[in-house]
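Before any comments, here is the structure.
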Amino acid sequence: MKWLIKNSALAENQTELKKILLENRQVVDEQQWFNPPKPTTFKIEELNIDQAALKKSLEILNKVKNTQGLIVIFGDYDADGITATAILWRVLHNLGFNAKPFIPDRLNHGYGLTTKALDEIFTTATPELLITVDNGIVAHEAVDYLNKKNCPIILTDHHLPEEELPKADAIFHSTKVCGAGVSWLFAREIIRHFSADNDQLISKQLDLAGIATIADQMPLTQFNRSFAAWGIKSLKNTTRLGLTELIKNSSINQSLIDSNIINYAIAPRINAMGRLKNGLQALRLLCTTNQEQAANLAQELSNTNVERQDLTAQQIESAMEQVEAQAQEKLLIVQEHSFHEGVIGLIAGKLTEQFNKPVIVISLNETTGKASARSIAGINIIELIREVKSDLLAAGGHPMAAGFSVEISKIDLIKKKLQALAQKYDDELFERKLEVECLLPVKLATDKTHHLLKTFEPFGVKNPTPIFGFDQLKIISIKTMGQESQHLRLAVSDEDGQYLNIIGWKKGYLAETLTSGQLIKVAGELSLNEWRGRTTTQITARSIEAVI
């Protein structure tokens, strides 16, 4: 694995290391980095939100409030969309609006604002206003449908727009934060317009905005760093019944919640409902004020998440058979009738991680295919997909994750076109690389350094957990751990005789090739090991290589 060392400086102490880490993250305002401003202080113009659109939105809401007309909040079935819906519904409900949430069904309605979903809404109700959250910015057909119904529509979204915007009454849009972040800012402006509330109500929604910011893989800098940091702080103290029950059900220590726990324990449970069942259940969890219902829904989300894990593992095996025949391709595309639409994004993500190539996974039905794509650094997958837009039914997404629908008869054609287009990318993009902050002397692998690193949290996109390089380490002892000896434990020392423990999860196979006295180089994360009341520092290895 090729190391990309971000900074050639060698730190002699924690102060110098802190400077290196700030330089690597291009931090200009150190004070703001370590003390992110509360999102209540953000100005909408800072996020490129159209003030005229906000004014028009508030005018529309004024009219609807006076008539007590029905407002439908049209959300999405992923964690970002579910939390965005919960935020706006809670605020409108508390302010006395007649608001009702709607979460589309992945299999029956497809993604985003669709005429099929709107048909279902209008069969049972006649809304006087429809507000989207986390979707709608490319929903031209559905917006035209609403215009014909004389139903005003406000779009709130963060996805990349096309050149022409839908003909909505107002568009509250920013790409600088996630969908729930946009929803939170919109809700904040509504509160300030209709209530004397001093930001108390909207501050209580930061737990949800924080979950979404991290779950939607937003770059954790600037505004998103604030949403993530304040969101985690709020989540640690949340009294929201659904979340406290979900935290309890997941055996999470609420006081220790961080971005990793959100990414690997909380968000997947929220996402699981929209993937395999109905996202509305996850929304109910976040909105309920009934203790028994919260406990039951938390259990349902956890059970569904286990089902999702099992299904994903099974279908990845099927996908692997197709991938093996595409070794020369720079874009991997797999398709299958058995692929569940709810997990194709996860399959694409796993394959992208394994092969370090962009991947498109297509779930087929009788006439169409639904695709989910994941990419690697340097390849904007939504731009690539839009190069074949004329052959698709619909497409949307981000540079690193996107999706589209296509007629089955055109799948072979777009597969050939996309894989041909991908050949233009330089081979170097596909080399497996590991970004290393800097080389670190063993003497700095201490609990004091670990404490310094904690101040850089929350970690995520654009602010990764620091990985350090250690060179010229001499192996003192080699052990394997686990029932199948699948993990590796090394004791090493540097040239000055300072000792360090190395843990290599799923690297037990290296024990066969390593020998005592051998010189190695290691890249990994600094972590703490607590054993029998004693805390020691160790390196959780990402790369272990012999020094040649």
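Looking at region 135-165 only, could you name the residues that are part of a loop (DSSP other than H, G, I, E, B) and under 16 Å from K389 (Cβ atoms)?
Scanning region 135-165 gives I137, V138, A139, H159, L160, P161, E162, E163, E164.
Listed conditions (1) hydrophobic (A, V, I, L, M, F, W, C); (2) surrounded by 14 or more Cβ atoms within 10 Å (Cβ to Cβ); (3) out of contact with any Phe, Trp or Tyr (no Cβ under 6 Å at 6 or more places or on another chain); (4) over 22 Å from M218 (Cβ atoms) are all met by L95, apart from (3).
Residue pairs whose Cβ atoms lie under 7 Å apart, sitting 6 or more positions apart in sequence or on different chains, and linking a residue in region 49-78 that is crowded, with 20+ Cβ neighbours inside 10 Å to a partner that is hydroxyl-bearing (S, T, Y) and assigned to a helix (DSSP H, G or I), are I73/T85; G75/T85.
G96 meets each of the listed conditions (1) out of contact with any helix residue (DSSP H, G or I) (no Cβ under 9 Å at 6 or more places or on another chain); (2) part of a loop (DSSP other than H, G, I, E, B); (3) without any contact (Cβ under 8 Å) to a residue 40 or more places away in the chain apart from (1).
Residue-wise test of (1) assigned by TED's automatic domain parsing to the domain that holds N135; (2) surrounded by fewer than 19 Cβ atoms within 10 Å (Cβ to Cβ); (3) modelled with pLDDT under 95; (4) of a type in the set (A, V, I, L, M).
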| residue | (1), (2), (3), (4) |
| --- | --- |
| I344 | no, no, no, yes |
| T352 | no, no, no, no |
| E366 | no, yes, yes, no |
| I381 | no, no, no, yes |
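Pick from L514, L510, L500, L490: which is surrounded by 14 or more Cβ atoms within 10 Å (Cβ to Cβ) and either outside the structural domain of C438 (by TED's automatic domain parsing) or in a loop (DSSP other than H, G, I, E, B) (or both)? Quick ask: steps written out before the conclusion?
Values: L510 fails: either outside the structural domain of C438 (by TED's automatic domain parsing) or in a loop (DSSP other than H, G, I, E, B) (or both); L500 fails: either outside the structural domain of C438 (by TED's automatic domain parsing) or in a loop (DSSP other than H, G, I, E, B) (or both); L490 fails: either outside the structural domain of C438 (by TED's automatic domain parsing) or in a loop (DSSP other than H, G, I, E, B) (or both).
The unique qualifying residue is L514.
Considering only residues of region 472-486 that are farther than 14 Å from T513 by Cα and in contact with a strand residue (DSSP E or B) (Cβ under 7 Å, 6 or more places away or on another chain), which is surrounded by the most Cβ atoms within 10 Å (Cβ to Cβ)? Ranking the candidates gives L473 first.
Any chance region 133-141 includes a residue that's within 21 Å of A86 (Cα to Cα) and without any contact (Cβ under 8 Å) to a residue 12 or more places away in the chain? Before you say what the answer is, go through the steps one by one.
Going residue by residue through region 133-141, those that are within 21 Å of A86 (Cα to Cα) are 133-137.
Still in the list and also without any contact (Cβ under 8 Å) to a residue 12 or more places away in the chain: none.
No, that holds for no residue.
The residue that is surrounded by the most Cβ atoms within 10 Å (Cβ to Cβ), counting only those in region 400-420 that are of a type outside the set (K, R) and either free of Cβ contacts under 8 Å to residues at least 40 places away in the same chain or in the same structural domain as G524 (by TED's automatic domain parsing) (or both), is A402. When you go through A282, A298 one by one, which is the residue that is buried (at least 21 other Cβ atoms within 10 Å of the Cβ), assigned to a helix (DSSP H, G or I), in contact with an Asp or Glu (Cβ under 6 Å, 6 or more places away or on another chain) and not assigned by TED's automatic domain parsing to the domain that holds H109? Every option except A298 fails the conditions.
Restricting to region 450-487, what's the tally of residues that are over 30 Å from A215 (Cα atoms) and either part of a loop (DSSP other than H, G, I, E, B) or touching a Lys or Arg at 6+ places or on another chain (Cβ under 6 Å) (or both)? Write out each step before concluding.
To start, the set of residues in region 450-487 that are over 30 Å from A215 (Cα atoms) comprises 470-485.
Subset that is either part of a loop (DSSP other than H, G, I, E, B) or touching a Lys or Arg at 6+ places or on another chain (Cβ under 6 Å) (or both): 471, 479, 481-485.
Qualifying residue count, region 450-487: 7.
Checked against the criterion of being of a type in the set (A, V, I, L, M, F, W, C), surrounded by fewer than 22 Cβ atoms within 10 Å (Cβ to Cβ) and either outside any loop (DSSP other than H, G, I, E, B) or modelled with pLDDT under 95 (or both), the candidates A373, A377, A348 yield just one match: A377.
The values are calculated or read from the model by the stated rules, or taken from the named source; none is laboratory data. Note that this is a predicted model, so its numbers are computed, not measured. Neighbour counts are summed over all protein chains in view; Cβ atoms, including those assigned to glycine, are modelled from backbone coordinates with ideal geometry.
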